[in-house]
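Written below as structure tokens is the structure these notes are about.
The values are calculated or read from the model by the stated rules, or taken from the named source; none is laboratory data. Quick caveat: nothing in here was measured; it's all calculated off a predicted structure. Here the Cβ positions follow ideal geometry from the backbone for every residue, glycine too, while neighbour counts run over all protein chains shown. Side chains included, ligands, DNA and RNA excluded: accessible areas come from the protein's heavy atoms. Shrake-Rupley method; radii C 1.70, N 1.55, O 1.52, S 1.80 Å.
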Amino acid sequence: MMTHPVLLRLIPLVSDLSKDIPAAERYQRLLHALHQLLPCDALALLRWEDDHLRPVAVHGLSPDTLGRRFTLSKQPRLAYLLAERTPRRIPVDSPWPDPYDGLVDHHQEQLQVHDCVGCPVYLHDHCWGLITLDALQPGHFAEADLATLAAFAELAAATVMTIQRIEQLAKRADIAQSDAERYRLALTAKAERTWIGNSPASQRLLSDIECVAASDLTVLISGETGVGKELVASALHAQSHRAEQPLVSVNCAALPENLVESELFGHVRGAFSGALHERRGKFEWAHQGTLFLDAVGELPLSVQAKLLRALQSGHIQRVGSDHEHRVDVRIVAATNRDLAQEVAAGRFRADLYHRLSVYPLSVPALRERGQDVWQLAGYFLEQNRSRLGLRGLRLNPEAYRALQQHDWPGNVRELEHLIARAALNAT
């Protein structure tokens, strides 16, 4: 049985839908197939953007056509073709100027009376763009050609939707890969760190971590700046049954107020200016794992209410969406503020505070940890010795006494930076 010649021309185009082909090449192959079906002097596929049409593929027109923009208010021929969903022919006696004057290959002068047809390309009920066909010979296109063009416009729409889906998947894959790599590096950095110290204060904290880690209770870690609250959160996750799942961290103090909700819960495309694609929030990234909310006391009251709802119900809603997502997340929060005082001052919701502090953990300040300061100093000395390529690096007795007597307002972070500066000066 012989295949119809029209189908022979369309089979490669249909086959292309399943191939990994750049968008520009897909558009060009689309016009090439149309030219085989309806031979003519010039074809163009134009995309509708704001108030103009932008050529994405041309055949029989000069290459610089792709760089042009045809404003609809100044191109009545194109506006006429877009006015109906079905193919239309430009009237032979039309006085309208032709947008392709001087652009048709081997025909530089003004276009005289010729045959021009076009058909909009619709994605569902949305006008995506326009296909135009021009023949220099009047009466070139028959009525049957318009029916063929209408059918081809449907195939063009399928091609465009395929391109859009591939582009969306590529964007999502890039975002996911970028986020996953960032989290992997963060986890690797945390995994290399461990709690240093054997003081009674440290032992009490480690015992509390071991006690609560295996549960799914929400933990509120409190302590001064630089005491190691993030390290405690990492230990809680590492000793939990969620250890093989992601530990996702959010620094609430570093987020602009207008982006906090999107960062936590995600957003859909067009939810706000700059939301060019759909994006998952940290709650969804942490599904079946642990979400660490650092500096939780910095959250604005408007976001606190939505966070409370997520903790109570396990449901989150992306910004701009009516659809809810169910998440299974263990919450660990940290703050250097006294949240009880913040509640009394009206800056933090009482119900959220009680929801977060199911199991409170207080991280001791470095001045409360006795000789832990010496062990920490040794740990940081070895790190810097290795980094600077030194054969040996140690503290003298006077340095040990100075470390023990200092009250360390910046805690472990201050000690780490002090040792780094001292090691650098020793080289």
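Tallying residues that are out of contact with any Asp or Glu (no Cβ under 7 Å at 6 or more places or on another chain) and open to solvent by less than 60 Å² (accessible area, probe 1.4 Å) within the stretch 342-351 yields 5. With respect to the conditions (1) open to solvent by less than 10 Å² (accessible area, probe 1.4 Å); (2) not in a helix (DSSP H, G or I), SER240 falls short on a single one, namely (1).
Here is the figure for the stretch 297-323: residues that are open to solvent by 40 Å² or more (accessible area, probe 1.4 Å), farther than 23 Å from VAL358 by Cβ and not small (Gly, Ala, Ser) total 3. The single condition among (1) surrounded by fewer than 18 Cβ atoms within 10 Å (Cβ to Cβ); (2) in contact with a helix residue (DSSP H, G or I) (Cβ under 7 Å, 6 or more places away or on another chain); (3) more than 20 Å from TRP128 (Cβ to Cβ) that PRO97 does not meet is (2). Residues that are open to solvent by less than 20 Å² (accessible area, probe 1.4 Å), at pLDDT 95 or above, touching a strand residue (DSSP E or B) at 6+ places or on another chain (Cβ under 6 Å) and assigned to a strand (DSSP E or B) do not occur anywhere in the stretch 206-213. Of the residues making up the stretch 32-68, those that are within 18 Å of LEU136 (Cα to Cα) and of a type in the set (A, V, I, L, M, F, W, C) are LEU34, LEU37, LEU38, CYS40, ALA42, LEU43, ALA44, VAL58, LEU61. Screening ALA79 with (1) over 22 Å from HIS32 (Cβ atoms); (2) at pLDDT below 90; (3) surrounded by 13 or more Cβ atoms within 10 Å (Cβ to Cβ); (4) of a type in the set (Gly, Ala, Ser) gives one miss only, at (2). Of all residue pairs spaced 6 or more apart or on separate chains, those with beta-carbon atoms under 7 Å, a first member in the stretch 31-56 that is farther than 11 Å from ILE131 by Cβ and a second member that is buried (at least 22 other Cβ atoms within 10 Å of the Cβ) and acidic (Asp, Glu) are CYS40/ASP134; ASP41/ASP134; ALA42/ASP134.
Scanning the stretch 68-108 for residues that are part of a helix (DSSP H, G or I) and either over 43 Å from the mean Cα position of the chain (by Cα) or free of Cβ contacts under 8 Å to residues at least 24 places away in the same chain (or both) gives LEU72, SER73, LYS74, PRO76, ALA79, TYR80.
Restricting attention to helices (runs of 4 or more DSSP H) lying wholly within the stretch 263-347, give those where 2 or more residues are touching a residue at least 60 places away in the same chain (Cβ under 8 Å) and hydroxyl-bearing (Ser, Thr, Tyr). No helices (runs of 4 or more DSSP H) qualify here. Restricting attention to the stretch 50-74 and to residues that are of a type in the set (A, V, I, L, M, F, W, C) and touching a Lys or Arg at 6+ places or on another chain (Cβ under 9 Å), the residue that is farthest from PRO120 (Cα to Cα) turns out to be LEU66.
Within the stretch 246-261, restricting attention to residues that are part of a helix (DSSP H, G or I) and open to solvent by 10 Å² or more (accessible area, probe 1.4 Å), the residue that is modelled with the highest pLDDT is ALA253.
Conditions tested, residue by residue: (1) hydroxyl-bearing (Ser, Thr, Tyr); (2) at pLDDT 90 or above; (3) closer than 19 Å to VAL92 by Cβ; (4) loosely packed, with under 13 Cβ neighbours inside 10 Å.
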site	(1), (2), (3), (4)
CYS119	no, yes, yes, no
ILE131	no, yes, no, no
PHE152	no, no, no, no
ALA156	no, no, no, no
LEU169	no, no, no, yes
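Would you confirm, using the coordinates I've provided, whether ARG47 is of a type in the set (Lys, Arg) and either within 23 Å of GLU154 (Cα to Cα) or within 30 Å of the chain's Cα centre (by Cα) (or both)? Against the criterion (of a type in the set (Lys, Arg) and either within 23 Å of GLU154 (Cα to Cα) or within 30 Å of the chain's Cα centre (by Cα) (or both)), ARG47 qualifies. Test of understanding: among ARG68, ARG47, ARG88, which residue is open to solvent by 20 Å² or more (accessible area, probe 1.4 Å), modelled with pLDDT under 90 and charged (D, E, K, R)? When all the criteria are applied, what remains is ARG68.
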